[in-house]
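Everything below concerns the one structure shown next.
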Amino acid sequence: MRQSKLFTKTAKETPKDEVSINAQLLIRAGFIDKLMAGVYTYLPLGLRSLEKIKKIVREEMNQLGGQEILMPALTPKEIWEVTGRWDKIDVAFKLDGDGGKQYSLGSTHEEVVTPLVKKFVKSYKDLPVAVYQIQDKFRNEPRAKSGLLRGREFSMKDLYSFHKDEEDFSDFYEKSKQAYLNIFEKCGLNAVIAEADGGVFTDKYSHEFQVFTENGEDIIFSCETCGLHRNSEIVKEEKCPQCGGGMVKNKAIEVGNIFPLETRFSDAFGFSYLDKDGKEQPVLMGCYGIGPSRVMGSIVEVNHDEKGIIWPESVAPYSVHLVSLCKESADIKKADELYETLTKQGVEVLYDDREGATAGQKFADSDLVGLPKRVVISPKTLAEDSVEIKERSSDKVEIIKIKELNSRLF
């Protein structure tokens, strides 16, 4: 992508109404644009990163056995009344439709997926089943001041699993934990599993995936001895309930959560199956959520410095920022040729070919955007058939021959 053709621009000033690091940097770097509190447009660079996160999520969900579907975002009041949650979910966006009918924009999808899967599952032979979607969710969040971490419209991957017994459910639930840890590791995040309250989803416990950072909104208590982690909302003890060790307190960002739903929703919709003996048995369910947009915000909160974002290779919109400092037509032609060559070789390149921008402006923008590698081509380097190469996460600058560049990028 030629930066001169990119319709978005970077900004020097921090948005006055944004208090979170992720929103400040993503807006300044031209990744997102704020429409209103908690609602953002994903610009070309931002959308590329978001789609890479979704790709990682899809790969792990497919490996887990999930089948992707896409459910409606507009849902009727009647299905929420079946479970008694029409008046219980206080963040739901509700609206009136034609003929006096009432609807809710999907804040979660248990009420949609349970009767959906019921249509196709009759026997024990049809179980287990796991389906997931990646779709925008809508929640009337009163504290939409944390950029992508707490949105009113946000991207969500929600997977729902259906099982014939506790053993089958527990096996899948444990496998989902590892799949989630794989996702966060691939996204450059070091997540831990913390016990938490089930909220409006279940009367039982749930598990959260938390990333420690001083900018986190959650408080997590961790045992120094056995490594147990618990959300502060359910912690009552000063000592670890598992081993008796001391508990320490840290701030963290929740990047995912999983819930054992048991039979709460299957009972509400009369969803059962016939076992080997032809007897009706309840279907056990689980719910597993990851917000790709929230993950994207978390990556920025954890990976940045005073100059800007530091993207992990796996989710960066482009892997290389090729910066041209050439002024003469002959040198510009060589810079263009290098861009074309790298692109044909499959390297994802953002090419700063802007005329009129100073070297200082280009370097500042490169640090702000935060691509993993910066390659600088200039009259000075061309005189030696060389380029400068620098990792965004390092201050070390190297001069290498252009012919050696390939080996450094792959």
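So what are the ³J(HN,Hα) numbers for region 376-393, from phi and the Karplus equation (6.51, -1.76, 1.60; θ = phi - 60°), rounded to whole Hz, Gly and Pro as x?
10, 10, 8, x, 5, 6, 5, 4, 10, 6, 10, 9, 8, 10, 8, 7, 4, 7
Work out how much length Glu404 to Thr41 would gain on full extension: take 0.36 nm times their residue separation and subtract the Cα-Cα distance, in nm to one decimal. Could the numbers behind the result be given before it?
Details: separation 363, 0.36 × 363 = 130.68 nm, distance 3.90 nm.
This chain segment gains 126.8 nm when fully extended.
Straight distance only, please: which aspartates and glutamates reach the Cα of Lys119 with their own Cα at less than 18 Å, same-chain residues fewer than 8 apart left out?
Partners within reach: Glu68, Glu78, Glu110, Glu111, Asp267, Asp275, Glu280.
Based on Cβ point charges of +1 for Lys and Arg and -1 for Asp and Glu, what charge dipole magnitude is obtained for region 1-94 about its Cα centre, in debye rounded to the nearest 20?
The calculated dipole for region 1-94 is roughly 580 debye.
Mind pulling the angle between the C-alpha long axis of helix 44-64 and the longest principal axis of the chain? Nearest 10 degrees, somewhere in 0 to 90.
40
Where does each of 113-121, 9-17 land if you order them by average Cβ count within 10 Å, highest first?
Values: 113-121: 17.1, 9-17: 11.0.
The most tightly packed comes first, giving 113-121, 9-17.
Excluding Arg392 itself, calculate the net charge of residues whose Cβ lies under 15 Å from the Cβ of Arg392, where each Lys or Arg counts +1 and each Asp or Glu counts -1.
Values: positive: Lys307, Lys362, Lys373, Arg374, Lys390, Lys396, Arg408; negative: Asp305, Glu306, Glu313, Glu348, Asp352, Asp365, Asp367, Glu388, Glu391, Asp395, Glu398.
With Lys, Arg at +1 and Asp, Glu at -1, the net is -4.
Report the FRET efficiency, 1/(1 + (r/R0)^6), for Lys145 and Ala364, where r is their Cβ-Cβ distance and R0 is 25 Å, rounded to 0.05. Can you show the working numbers first?
On the way: r = 27 Å, r/R0 = 1.09.
So the FRET efficiency works out to roughly 0.35.
For each pair in Lys118/Lys276; Lys186/Lys362; Lys34/Lys54; Lys373/Lys401; Lys333/Lys401; Lys175/Lys249, compute the distance between the two Cα atoms and list the pairs where it is over 23 Å. Mind showing how you got there, number by number?
Working: Lys118/Lys276 18 Å; Lys186/Lys362 29 Å; Lys34/Lys54 21 Å; Lys373/Lys401 16 Å; Lys333/Lys401 18 Å; Lys175/Lys249 28 Å.
Long pairs (Cα-Cα over 23 Å): Lys186/Lys362; Lys175/Lys249.
As a test of the formula, what do you get for the chain when each DSSP H run with n ≥ 4 contributes -39,500 (n - 2.57) and the sum is divided by the residue count, at 222 nm and rounded to the nearest 500 deg cm²/dmol? Mind dumping the intermediate values first?
Details: 11 runs with 118 residues, N = 410.
It lands at -8500 deg cm²/dmol.
Non-local amide H neighbours of Tyr273 (under 5 Å, H modeled in plane, Pro and chain starts lacking H): which ones?
Gln281, Val283
Can you give the % of DSSP beta bridges in region 320-409 that are antiparallel, to the nearest 5? It would help to have the intermediate numbers written out before the result.
Details: 9 of 18 bridges.
Taking every DSSP beta bridge within region 320-409, about 50 percent pair in antiparallel fashion.
Would you mind getting me the FRET efficiency between Glu13 and Lys396? Use the beta-carbon distance for r and R0 = 30 Å, nearest 0.05. Mind dumping the intermediate values first?
On the way: r = 30 Å, r/R0 = 1.01.
Efficiency, from the Cβ-Cβ distance: 0.50.
If I take R0 = 45 Å and measure r between the Cβ atoms of Glu337 and Thr263 in this structure, what FRET efficiency does the formula 1/(1 + (r/R0)^6) give, to the nearest 0.05? Walk me through the numbers on the way to the answer.
Details: r = 65 Å, r/R0 = 1.43.
The value I calculate is 0.10.
Using modelled backbone amide H atoms (1.01 Å from N, in-plane), which distant-in-sequence or interchain residues come within less than 5 Å of Leu228's amide H?
Those lying under 5 Å, H to H, from Leu228 are Cys223.
Suppose each label sits 7 Å from its Cα in the direction of the beta carbon; what would the Tyr205-Asp136 distance come out to in nanometres?
3.7
Mind jotting down the distance between the C-alpha centroids of region 243-272 and region 113-160, whole Å?
15
DSSP loop (so not H, G, I, E, B), at most 11 other Cβ within 10 Å: list which chymotrypsin sites (Phe, Trp or Tyr not before Pro) in region 46-114 pass both filters.
Numbers: sites: Trp80, Trp86, Phe93, Tyr103; in loops: Trp86, Phe93.
Here no chymotrypsin sites (Phe, Trp or Tyr not before Pro) fit, given the DSSP loop and packing criteria.
Return the unpartnered cysteines for the chain, using a Cβ-Cβ cut-off of under 4.7 Å.
Result for the chain is Cys187, Cys287, Cys326, no neighbouring Cys Cβ within the cutoff.
Cα axis of helix 166-186 to longest principal axis of the chain: angle in degrees, 0 to 90, nearest 10?
With rounding to tens, the tilt is 10 degrees.
Readers should treat all values here as calculations from the given coordinates under stated rules, not as data from a laboratory. Nothing here was measured: the structure is a model prediction, and the numbers come from that model. Every residue, glycine as well, gets a Cβ built from its backbone with ideal geometry; the counts of neighbours run over all protein chains shown.
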